[in-house]
Each structure stands twice: as C-alpha cells, then as structure tokens.
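Undergrad: Take a look at the following structure, please.
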Amino acid sequence: MLDDLIEQFVELNYDTEASKENARCRLVWLKRYLKDIGKDITEMGKKEIIAFKPWIKKQKGRHGKHLKASYIRMIISTIKCMFEFLETLDIDNPFKEIPSRVLKRLKPEAKKDRVPREFSSEEIKKIFDWLQDRADEDAYLACLISFATGTRLAETLKIKAKNIRNREGHVVIFIRHAKGFRERACILGVPVKKPNGVVSSKVIKRLNEEVKRKVLEKKKAVEGYLFGDEMERRRLRYRIQKDLQRLSNEEDIDIHFHSFRANYGAKALRARIPLEYVSKQLGHKTTKTTETYYARVKDEFTLSFMKDRI
C-alpha cells in the first residue's frame, strides 16, 4: 500500500525522472522509520512525527556517515508534502496537529552563511566563450537562458515556443512547468544598469542582446518545446552536465547549471532590484527563501546604501 501511495505522490508532484527518483530516495527513510516503529502510514500521529527527527539524526547513509542537516530538512519537507497529498485520499495529516513553533524545530537549523556563486565579468566571458566554442547550439542556448532568467534546468528544458513573447523590445518567457507548480513570467536579461542608468558590464549587456536574438530565432524555427521531445531533452540535459563538468576542469571555475541561477539572483540584488521582484523572477515560494540564500549580498547592499547617507 505504501509503495503505491508514494508512487502516486511522486508522479503527481514531480516533473523529471531525476526529481522523481530523488523524492523516492527521500521517502525510503519514511518507509524505514515505519518499519522500525512497527506502524502503518495511516497510524502515524503527531507523536510519531515528532519522534522522527531524533530517529533520522541517528541514521547513516550509504557511505557510513550521518545525514547532513540540509538533507534531513529535505526529507522532512518531502514527508510533509506527501501527507498533504494523502489528505486528498482521506488519510489524516499529523502535521496539522503540531503547533507551528514545534513544527519549526523539527527541521535541523539551516546554514545562514550560504553565499550564492556570483561570477565576475571576466569569468562570465570565459564561461560563455568556452561554451560557444565547445558546446552544441542547444546546450549553449539553454545555459544562456538560465543565465539571463535564473530558471532551473528542468524549467529551461520545458520552455515552449508559444510561451515566448516579444513585448516592446523585451522578451518575456512564461514558465509553465515550474517547481511546485508556481507558474511565472520571466523577463529575459540580467539586470545590468546601475540606478543612475550606467551599464555596469559590457559583457553582460552583450550576452543579454545575444540571448534575446537567439531565443526569438529559435521560437520561429520550432513548434512545441524549444529543445525537442522528451528524449532529445534528456540527451541535452546529459550534454549540458558533461560540458559544464569539462569547463570546470579545464578553466578551473566551479560551475554547475544551478550556478547561473545563483549568479542571476546575486546580480539582480546587487543592481538594487527589490527582493520581492527577485523572488518572483526566481520562482521562490516566499521572499524568505530568497532572503536567507542571498543574505550576505543583501548585507553588503545595506551597508553600501547606508554609507552613502552617513
């Protein structure tokens, strides 16, 4: 029964095969916990949910090490989401019985000093020069789109031609297949102008113009998904990951596809784009996610802003 419920939950809530498999792996810990305490999922109450945290902290992964706090947070969040799904099947949600202050303590403390990877203009030039020379056209364009919008890899690969609009010289992409089903509109381009209108980076300005041109050309050339059918997108995902791995090794730059997203958020905040706008563009559920992740950039911006006025 539990395996069937997990499969229904995963198929409904996750888009890519990779994300589905990751969710199944996280829910393996729920299955192990239920086996240890000798209960069925329908018998779980708030007492069992609260007892899960000390239990999971004692568990070890496949390398014989205790699970990281960040991974435990993901496990608990996934279990919570699953119980929200189970409510639709008339199975009680024990999380609803737990006071919010207690619920908050169930998850291990997140690190507050995480800093997004922000690339310098020189690094950006080196990255995209390398990709233009070594990667294929679709891999190069997918990286450009994420760089210019902050979209996740799965979101980027599922962009459809019909969801791209040209509005008064600005290209807008409607992200329909977003994480958590949070649809949004993304304007194409990294914020590059200072408050006084001066362009802060000629490299970024050039890439902004290039990605607009390439996206509009691609829109005219294809129907349906921008990057082909499911098999083509799966192959493209693999090529992108291999290309970025080679780039990291050859140019000594620590880069993953998600680095483009982190860089976008950092650049936007540094350009003094309001936090709520950055959060909306990145598709975060709340501004708290954005604020926590980009805390150091925000602190630097606050100090700089205050210095000019003291």
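The values are calculated or read from the model by the stated rules, or taken from the named source; none is laboratory data. All values derive from a computational prediction rather than experimental measurement. Counting neighbours? That spans all protein chains shown, and the Cβs are built from the backbone with ideal geometry, glycine included.
Undergrad: Within the stretch 83-105, identify whether any single residue is among the hydroxyl-bearing types (Ser, Thr, Tyr), under 19 Å from Ile6 (Cβ atoms) and assigned to a loop (DSSP other than H, G, I, E, B), and answer yes or no.
TA: There is at least one residue in the stretch 83-105 that is among the hydroxyl-bearing types (Ser, Thr, Tyr), under 19 Å from Ile6 (Cβ atoms) and assigned to a loop (DSSP other than H, G, I, E, B).
Undergrad: Kindly check whether there is at least one residue in the stretch 216-231 that is in the same structural domain as Ile127 (by TED's automatic domain parsing), touching a Gly at 6+ places or on another chain (Cβ under 7 Å), part of a strand (DSSP E or B) and farther than 21 Å from Lys126 by Cβ.
TA: No, the stretch 216-231 contains no residue that is in the same structural domain as Ile127 (by TED's automatic domain parsing), touching a Gly at 6+ places or on another chain (Cβ under 7 Å), part of a strand (DSSP E or B) and farther than 21 Å from Lys126 by Cβ.
Undergrad: Still on this structure, I have one more. Within the stretch 276-310, how many residues are at pLDDT below 85, in a helix (DSSP H, G or I) and either over 26 Å from Gln241 (Cβ atoms) or of a type in the set (Lys, Arg) (or both)?
TA: Looking only at that region, the number is 17.
Undergrad: Could I ask something else about it? Would a scan of the stretch 39-51 turn up a residue that is touching a Lys or Arg at 6+ places or on another chain (Cβ under 8 Å) and not assigned by TED's automatic domain parsing to the domain that holds Ile159?
TA: Scanning the stretch 39-51 turns up at least one residue that is touching a Lys or Arg at 6+ places or on another chain (Cβ under 8 Å) and not assigned by TED's automatic domain parsing to the domain that holds Ile159.
Undergrad: Quick check on Glu21: is it within 28 Å of the chain's Cα centre (by Cα), assigned to a helix (DSSP H, G or I) and either within 30 Å of Arg235 (Cβ to Cβ) or in the same structural domain as Met231 (by TED's automatic domain parsing) (or both)?
TA: In short, yes.
Undergrad: OK, next. Only one residue in Phe174, Phe147 is assigned to a strand (DSSP E or B) and under 19 Å from the mean Cα position of the chain (by Cα). Which one?
TA: Phe174
Undergrad: Can you name the condition, by its number, that Ala262 falls short on among (1) surrounded by fewer than 19 Cβ atoms within 10 Å (Cβ to Cβ); (2) part of a helix (DSSP H, G or I); (3) in contact with a Pro (Cβ under 7 Å, 6 or more places away or on another chain)?
TA: (1)
Undergrad: Does the stretch 68-95 hold any residues that are surrounded by 12 or more Cβ atoms within 10 Å (Cβ to Cβ), more than 21 Å from the chain's Cα centre (by Cα) and without any contact (Cβ under 8 Å) to a residue 40 or more places away in the chain, and which are they?
TA: Of everything in the stretch 68-95, those that are surrounded by 12 or more Cβ atoms within 10 Å (Cβ to Cβ), more than 21 Å from the chain's Cα centre (by Cα) and without any contact (Cβ under 8 Å) to a residue 40 or more places away in the chain turn out to be Phe83, Glu84, Glu87, Asn93.
Undergrad: Moving to a separate point now. Consider the stretch 232-259. How many of its residues are assigned to a helix (DSSP H, G or I) and surrounded by fewer than 18 Cβ atoms within 10 Å (Cβ to Cβ)?
TA: Selection size over the stretch 232-259: 14.
Undergrad: Okay, next question. Taking the condition part of a helix (DSSP H, G or I) and either surrounded by 15 or more Cβ atoms within 10 Å (Cβ to Cβ) or in the same structural domain as Glu291 (by TED's automatic domain parsing) (or both), does Phe119 pass?
TA: no
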